[in-house]
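The structure under discussion appears below in the form of structure tokens.
Please treat every number below as a calculation from the coordinates, not as lab data. No experiment lies behind these values; they were computed from the predicted model shown. Quick reminder, even Gly has a Cβ in these numbers, built from the backbone with ideal geometry, and neighbours come from all protein chains shown.
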Amino acid sequence: MTLRVTLLVLALVVVSLAALALGPVSVDARELWRVVTGGADPVSRAIVLDVRAPRVALALLVGAALGMSGGVLQGALRNPLAEPWLLGVSGGAAVGAVLAMSAGLGDPSFLSLAAFAGALAAVFVVLGIARASGLRADPRVLLMAGVVVGAFANAAIMVLLATAPAEAARGALWWMMGSLGSAQWRDVARLGVVLAIVGPALLHWARDLDALALGHDAAAALGVAPEATSRRLYLAASLLAAATVAAAGLVGFVGLLVPHIARSLVGSRHRAVLAVSALVGSTLVVGADLAARTTRAPAELPLGAVTAMVGVPFFLSLLRRMR
Amino acid sequence: MSVFCFSSRGSTGKSWLTVIAAVVLAACTPAPDDRPALDDAGDPLPPPAVRSRIVSLNPATTEILFALGAGDRVVGRTTWDTWPEEARRVPDMGNAIRPSVETVIGARPDLVVLYASGENTDAARAFRAANIDVISLRIDSIAEFERATMLLGETVAEPGRARTVVDSVRGTLERVRAATAGRERPTVFMLSWETPLMTIGSGSFLSELVEIAGGRNVFADLPEPSPQVTFEEVLRRDPRFILGGPTTASKLGTNERWRLLPAVREGRVLVMDTLLVGRPGVRLGEAAVSLARLFHPGSIP
């Protein structure tokens, strides 16, 4: 296990360095070194430090946050398909973003705020439905409430897009496909703060996830209140996902796929699963973003599509091995 | 005026005095042309200077820069900037919206001309952070074309040539207007997109061109540049001509639904050269000539 983790860290470092060095404008290793030590050409400096570095850093954080968020949701709801997007977060965020854009408030920082607010609103609606349903002990209720809220959000988005001006509709579509194209240090700092608070808390609560995995009765016997705990975990994981949406739009598939990879590597103890999910998620998103901005350079592919294209074959091979 | 401005500062908190003070103060703020001008994204205009490396990410502004004689200093363009012919030799940097920031910075420009759109604000900020001058322009109407040309002329230190370009385009447009004046003006439906059905409203230079060329845009009452309309409304307005691009217009004659329109049934579908007519650039005059020849054959030799 130590060897596997070491290899994962190594992979992340290699991918990140490649992401700093590669792009439409080539910066060779020697120039990259001069950028770090000073004395490089100002244009290379601007490209590496101001354009690429915040982008790679944001990709790292987005991947880590989505990986952890997915790992927690799959554990808390005891469902291997659970992921932030299935549970209403993406739908709520998209409604917020599309509303802002069709109202002509497409300014990037306002957009992230609107997406974040939309995601949180959806999360509270889901919790409200689960609470009102009376089926408190059943983890499927959160799942169903999430799917229903997501479906409603989709309908709302279609209505908004059909009536929005062409420019707003294109902007909204781009946003829903996920992109790190406008990453700034400000975005890195915001997501970093959220991850620094929620991440350790989730690792701390990993034992509760282990208890929930034994079933509700066993968890209760171990002193873990099943409903309250899964609600708390759902809320924390969704908060993390909402913060990534505000920074990068909808980056699909990471939250679903990464925890499965993590479990195949380190077993089912949640502390290890969550830590490795963060590591694998970072590597996947940094790599996918590198592919997104180099395969069709100088044009870019949508990040969400690349993560899914890379992820689906991987996921299928994983399913085969599990049989 | 300055006396009023001075005395208003002594006003007390009484509401009517405050109102008067506000009116007087408003009158004292400098007239719009005294203020430093802003570009179409609301950012300050870059200073006039002889530019040696320009990246232009908008087909219309690339045309304008070549017309200003700055074409040999354009070092980057979008995929869609194909006129004049020499522009094709300039390195292609991709899209006009959400451009590849590092490709542009890598070309070491001293001026970037952007299409003014909310989606480009991040790119504009990144270029300014790299100490590159940025001007964001939006051209929907003929007046905006003239304004953009004058602003670009000032920015690249060619104001005289900018004036010449504007005067020459204006001259051609006036000649077309004169040649079609007094003729019966046919109604025209411009088909810009089929699903959803979209046309051209009075906010677009295309609507202006149709009027100058002696036609009447059936949807000139809609203010947006490219509004969505219903097919029923097109039927009701019964245009004399349908005007479209080569790919869409050629299919209409065999389409059952489109044949409900008398203009389609009777073969009055006009095909325009979208690369010439579709862009608010320096060939606006030529575009008007080509439309006038379609609406009024023989009006212009």
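Observations
- Cα shape, region B:182-295, gyration tensor, a/c 1.5 rule: rounded
- Local electrostatic count, B:Arg53, Cβ distance below 14 Å [Lys/Arg +1, Asp/Glu -1]: +1
- Most simply put, the protein assembly as shown has about 15% antiparallel DSSP beta bridges, counting only bridges with both residues inside it.
- Among the residues of B:120-130, the average count of other protein chain beta-carbon atoms within 10 Å of the residue beta-carbon is 3.
- Proxy reagent accessibility, fewest Cβ within 10 Å first, across A:Val310, A:Val15: A:Val310, A:Val15
- In order along region B:153-161, phi translates into HN-Hα couplings of x, 5, 5, 9, 6, 10, x, x, 5 Hz, rounded to whole numbers, per the Karplus curve 6.51 cos²θ - 1.76 cosθ + 1.60 with θ = phi - 60° and x for Gly and Pro.
- Most positive-pole-ward Cα, A:Leu61, B:Ala179, B:Ser299, against dipole of the protein assembly as shown from beta carbon charges: A:Leu61
- Taking the Cα centre of region A:19-85 as reference, the dipole from Cβ charges on Lys and Arg (+1) and Asp and Glu (-1) amounts to some 100 debye.
- When each of B:Asp238, B:Asp122 is scored by the number of other beta-carbon atoms lying within 10 Å, the sequence from fewest to most is B:Asp238, B:Asp122.
- For region B:61-79 and region B:122-178, distance of Cα centres in Å: 12
- The charge dipole of chain B, taken about the Cα centre with unit charges on the Cβ atoms of Lys, Arg (+1) and Asp, Glu (-1), comes to about 340 debye, rounded to the nearest 20.
- Scanning residues 5 or more positions from B:Trp193 or on other chains, those with amide H under 5 Å from its amide H are B:Met198, with H placed 1.01 Å from N in the peptide plane.
- Listed residues B:Ala37, B:Ala162, B:Ala213, most fluctuating in chain B (Gaussian network, C-alpha, under 10 Å): B:Ala37
- What the phi angles of region A:246-259 give under the Karplus curve with 6.51, -1.76 and 1.60, with θ = phi - 60°, is a coupling list of 4, 8, 9, x, 8, 10, x, 6, 5, x, 7, 7, 4, x Hz, glycine and proline written as x.
- Here the 3J(HN,Hα) profile of region A:48-62, calculated from phi with Karplus coefficients 6.51, -1.76 and 1.60 at θ = phi - 60°, is 6, 7, 9, 9, 7, 4, x, 5, 5, 4, 5, 4, 4, 5, 4 Hz, Gly and Pro shown as x.
- Order of B:Met93, B:Met150, A:Met1, A:Met309 - criterion: other Cβ atoms within 10 Å of each residue's Cβ, fewest first: A:Met1, A:Met309, B:Met150, B:Met93
- When chain B is treated as a Gaussian network with alpha carbon springs shorter than 10 Å, the biggest mean-square fluctuation among B:Arg98, B:Arg216, B:Arg257 belongs to B:Arg257.
- Highest mean packing first, where packing is the average number of other Cβ atoms within 10 Å per residue, the peptides A:158-169, A:252-263 line up as A:252-263, A:158-169.
- In the protein assembly as shown, a dipole from Cβ-located charges (positive for Lys and Arg, negative for Asp and Glu) runs towards its positive end, and of A:Ala151, B:Gly215, B:Asn95 it is A:Ala151 whose Cα lies farthest in that direction.
- Inter-chain shielding of A:160-166 (mean C-beta neighbours from other protein chains, 10 Å cut-off): 2
- Fluctuation leader among A:Gly171, A:Gly150, A:Gly75 - chain A, Gaussian network, Cα springs under 10 angstrom: A:Gly171
- Between B:Thr187 and B:Arg216, B:Arg240, B:Phe241, the built amide H atoms are under 5 Å apart, and every one of these is 5 or more places off in sequence or on another chain.
- Relative contact order (%) - criterion: Cα under 8 Å, at least six apart; region: chain B: 14
- Taken about its Cα centre, region B:182-295 carries a charge dipole of roughly 320 debye when the Cβ of each Lys and Arg holds +1 and the Cβ of each Asp and Glu holds -1.
- Under-5 Å amide H pairs with B:Ala41, H placed in peptide plane, nonlocal only: B:Ser136
- For residues of B:88-100, the mean tally of beta carbons on other chains within 10 Å: 3
- Ordering of A:267-277, A:35-45 by packing [mean C-beta count within 10 Å, highest first]: A:267-277, A:35-45
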